[in-house]
Amino acid sequence: MKFVIEHLEPEIYEWCLIEYEHISKIVGKPNLIFTNIKNKKEQYKLKKYGIVYEKSVSGLELKKVCVLSQYSKRTLTSYDKNKFQYFVFGGILGDNPAKKRTNILINKLKQHKIKFSTRNLGSKQMPTDAAVYVAKKILEGKKSSDFKFVDELEIEINENESVKLPFRFVVDNNKLIINERLVEYLRKRK
């Protein structure tokens, strides 16, 4: 099983890099592929976390592809590990409300006549690292119903300020799955 992050932002922002590093820890560097990385410096940064391609996933001619999209009618199950080899996620800094940018990726795959299916992890938008975590656990045998989620996370910055992240985060074994580097980043950011 390979996890593919199709980078859909104009650059790799620090927030993306933090998420991508976390994804590498979740699935392991040999199982992680970054696509659509045009900038050579950014390619170099990501090589320590996974395999990096300048091309879009639509240009790689992969077989047995599953795109994860909250708008898919079918939910990912552990049986999908036998149907698919590549699980593709849009590397997106989410907007609220969502702009459905994963559809850009889906349209590219259709234009290049790449056969693929779609699956969802529920109807709520998750950060990319949370989505990869949930997908990996489902593919390893967990059911969607086994997860607990927090919809809209509030992180305290100091005694007077906090920041709300209007996305779905996963709680596994009573532990919030979030990269602590992300929390530090949010606290230091002006």
Practice task
Looking only at region 99-107, decide whether some residue is at pLDDT below 90, assigned to a loop (DSSP other than H, G, I, E, B) and touching a strand residue (DSSP E or B) at 6+ places or on another chain (Cβ under 9 Å).
Solution key: yes
Problem - Enumeration of residues in region 20-47 that are part of a helix (DSSP H, G or I), surrounded by 13 or more Cβ atoms within 10 Å (Cβ to Cβ) and among the aromatic types (Phe, Trp, Tyr) - result: Tyr20
Exercise for the section: Go over the candidates Lys2, Lys38 one by one and state the one that is charged (D, E, K, R), in contact with a Phe, Trp or Tyr (Cβ under 8 Å, 6 or more places away or on another chain) and closer than 16 Å to Gly90 by Cα. Expected result: Lys2
Fill in the blank from the handout: Scanning region 58-71 for residues that are touching a strand residue (DSSP E or B) at 6+ places or on another chain (Cβ under 7 Å) and either acidic (Asp, Glu) or not in a loop (DSSP other than H, G, I, E, B) (or both) gives Val65, Cys66, Val67, Leu68
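Yes/no matrix, rows are residues, columns are (1) more than 15 Å from the chain's Cα centre (by Cα); (2) under 18 Å from His7 (Cα atoms); (3) buried (at least 19 other Cβ atoms within 10 Å of the Cβ):
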| site | (1), (2), (3) |
| --- | --- |
| Asn120 | no, no, no |
| Pro127 | no, yes, yes |
| Val134 | no, no, yes |
| Asp146 | yes, no, no |
| Ile157 | yes, no, no |
| Glu161 | yes, no, no |
| Leu165 | yes, no, no |
| Arg189 | yes, no, no |
Practice task
Among residues belonging to region 3-48 that are aromatic (Phe, Trp, Tyr) and more than 22 Å from Arg187 (Cα to Cα), point out the one that is nearest to the chain's Cα centre (by Cα).
Solution key: Phe3
Practice task
Kindly list the number of the only condition in (1) of a type outside the set (Ser, Thr, Tyr); (2) more than 23 Å from Leu121 (Cα to Cα); (3) at pLDDT below 95 that fails for Ile51.
Solution key: (3)
Problem - Cross-chain or 6+ apart pairs with Cβ under 6 Å, region 77-88 first and within 9 Å of Lys2 (Cα to Cα), then among the small types (Gly, Ala, Ser) and surrounded by 15 or more Cβ atoms within 10 Å (Cβ to Cβ) - result: Phe87/Ala135
Practice task
Consider Lys81 carefully, then state whether it is farther than 29 Å from Leu153 by Cα and of a type in the set (Lys, Arg).
Solution key: yes
Practice task
Give just the number: which of (1) over 17 Å from the mean Cα position of the chain (by Cα); (2) surrounded by fewer than 11 Cβ atoms within 10 Å (Cβ to Cβ); (3) among the polar types (S, T, N, Q) does Asn107 not satisfy?
Solution key: (2)
Practice task
Report yes if some residue within region 72-88 is touching a Phe, Trp or Tyr at 6+ places or on another chain (Cβ under 7 Å), outside any loop (DSSP other than H, G, I, E, B) and within 18 Å of Leu109 (Cα to Cα); otherwise report no.
Solution key: yes
Exercise for the section: From Ser72, Ser24, Ser58, grab the single residue that is in contact (Cβ under 8 Å) with a residue 24 or more places away in the chain, under 22 Å from Ile138 (Cβ atoms), in contact with a Leu (Cβ under 6 Å, 6 or more places away or on another chain) and not aromatic (Phe, Trp, Tyr). Expected result: Ser24
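The values are calculated or read from the model by the stated rules, or taken from the named source; none is laboratory data. Since the structure is predicted, the reported quantities are computational estimates derived from the model, not experimental observations. No Cβ is skipped: glycine too gets one built from the backbone with ideal geometry, and neighbour counts run over all protein chains shown.
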